[in-house]
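For reference, the structure is listed below as structure tokens.
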Amino acid sequence: MDSSNKNYHFPLMLLAVIALIAAAWAGLLRLGWQWPALQPQLPLSHGPLMVAGFFGTLISLERAVAAGKRWTYLSPLLNGVGGVLLASGVGGQIGPILLSLGSAWLVLVFVVVLRQHLAGYTLVMALGAVALLVGNLLWLFGWPVYTFVLWWAGFLVLTIAGERLELSRMVPRSQFSNTSFALVTVLYLAGLVVMLLAWDWGVHIASAGILGLAIWLLRYDIARRTVQQEGLTRFIAVCLLSGYGWLLFSGVMGLIYGGVAAGPIYDAMLHGVFLGFVFAMVFGHAPIIFPAVLGLNIQYRPPFYIPLALLHASLLLRTVGELAGLGWARLWGGLINVIVVMMYFGMIAVFRGHE
């Protein structure tokens with residue numbers, strides 16, 4: 001990698017963090033906390049800010065670092081600037097347009113990756129980028145978020161599944177495991193396509209795919225072995241396995257209830273994926289991603305388990321509050337979710353460079 005590219009990493013990561021903070025604030029406003037909003041449309045921007053703004057920037061930056069080519073940094077730049085504009089309410093549709101262009105550029109990056117190295121895991125991650133692009137375009141053209149939110153989820157689910165598939169090559173896998181992974185991935189993708197034509201049926205099918213992926217990851221992921229080790233390796237495995245549990249929960253909920261446009265079921269199903277599953281992955285991989293992207297020397301410490309445990313406990317409180325109609329549990333569970341995420345990143349910063 002060209003060392004001069006490192007000059008781009010910190011400002012691009014900063015754009016991602018701004019999108020994360022804005023998305024978290026928007027989410028708390030949507031929950032019902034009566035706090036000031038930076039601009040009137042901020043609560044409605046919670047989903048796109050979190051998925052396209054934060055994760056779109058973070059994952060495309062990670063891809064650019066891996067590629068080591070300057071042209072690949074256009075994707076995190078477009079996503080980052082688009083997220084900031086969306087959060088601030090400046091420029092009208094410019095923010096969504098930039099986010100859509102950023103996801104399109106990420107797809108182009110994966111086209112190059114596939115030409116250089118065509119494998120199952122690179123194809124799955126490329127399909128995740130396509131899912132982000134489709135979700136962003138549907139959002140840009142005014143589709144209601146609930147009708148395509150599983151496309152956004154697909155970006156994260158398929159990206160993570162592809163990365164885990166790559167790492168699982170380190171242990172022998174049977175033909176059945178390879179075939180079953182392909183089948184549940186195709187099932188999820190088929191559900192996403194069907195959603196565009198028959199929404200409720202599509203949600204049922206996509207949720208069956210999510211459930212299948214969760215079961216596959218729990219059964220075949222290398223984390224089942226590495227959880228028996230110590231230190232950072234064990235912490236990452238615990239993050240992964242606990243996150244797969246929330247993915248399983250969301251798959252079951254979607255399979256049972258199908259297309260739900262709003263309300264407790266909708267919230268529980270989505271946040272099982274986006275908070276329980278995805279942020280458990282973030283917690284596990286942050287000590288690896290941050291040194292690679294920012295050149296920080298982050299040291300693992302056992303207290304990292306504290307925010308992980310609080311993440312799951314607060315999400316459980318929020319989910320029970322949603323399903324049981326306990327407003328206080330829903331409100332406080334959501335607030336603790338946000339505090340825990342910020343606390344973890346604060347701990348990462350504190351333990352930077354300590355021996």
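Things worth noting here:
- Computed extension length for residue 299-residue 118: 61.7 nm, one decimal, from 0.36 nm per residue of separation with the Cα-Cα distance subtracted.
- Nitroxide proxy distance, nm - points 7 Å out along Cα→Cβ at residue 41 and residue 316: 4.0 nm
- Sum of side-chain charges, residue 102 neighbourhood, beta-carbon under 15 Å (Lys, Arg +1; Asp, Glu -1): 0
- Spacing of the modelled spin labels on residue 17 and residue 326, each 7 Å from Cα toward Cβ, amounts to 3.5 nm.
- Each Cα pair under 8 Å and six or more residues apart adds its separation to the average, and for the chain the resulting relative contact order is 12 percent.
- Three principal axis extents describe the C-alpha atoms of region 224-355; from largest down they are 48, 31, 24 Å.
- Sequence-distant residues sharing a close amide H with residue 298 (under 5 Å, placed H): 353
- Applying 0.36 nm per residue to the separation of residue 111 and residue 137 and subtracting their alpha-carbon distance, the gain on full extension is 7.5 nm.
- For region 6-38, applying the loop criterion from DSSP together with a ceiling of 16 other beta carbons within 10 Å to the chymotrypsin sites (Phe, Trp or Tyr not before Pro) yields 33.
- Ranked by how many other Cβ atoms sit within 10 Å of their own Cβ, fewest first, the residues 257, 220 fall in the order 257, 220.
- Mean shadow area of region 185-229 over all directions, Cα convex hull, nm²: 3.1 nm²
- Here the residues 100, 168, 75, ranked from fewest to most Cβ neighbours within 10 Å of their Cβ, fall in the order 168, 100, 75.
- From its DSSP helices (H runs of at least four residues, each -39,500 (n - 2.57)), the chain gives a residue-normalised ellipticity at 222 nm of -25000 deg cm²/dmol.
- Taking a ≥ b ≥ c as the square roots of the Cα gyration tensor eigenvalues, region 1-142 comes out prolate, since a/c reaches at least 1.5 and a/b is larger than b/c.
- By the count of other C-beta atoms within 10 Å, a proxy for reagent exposure, 185, 179 are ordered fewest to most as 179, 185.
- Assuming charge only on the beta carbon of Lys and Arg (+1) and of Asp and Glu (-1), the dipole of the chain about its Cα centre is about 440 debye to the nearest 20.
- For the chain: rounded, prolate or oblate by the Cα gyration tensor [a/c cutoff 1.5]: rounded
- Gyration tensor verdict on region 141-207 (Cα atoms; rounded if a/c is under 1.5, prolate if a/b is larger than b/c, oblate otherwise): oblate
- With 0.36 nm allotted per residue and the present C-alpha distance subtracted, the residue 183-residue 171 stretch has 2.3 nm of extension available.
- Highest-MSF residue in the chain out of 86, 316, 20 [GNM, Cα springs under 10 Å]: 316
Only the coordinates and a few stated rules stand behind these numbers; no lab work does. Treat the numbers as computed from the prediction; the structure is a model and nothing was measured. In this analysis, Cβ positions are derived from the backbone assuming ideal geometry, glycine residues included, and neighbour counts consider all displayed protein chains.
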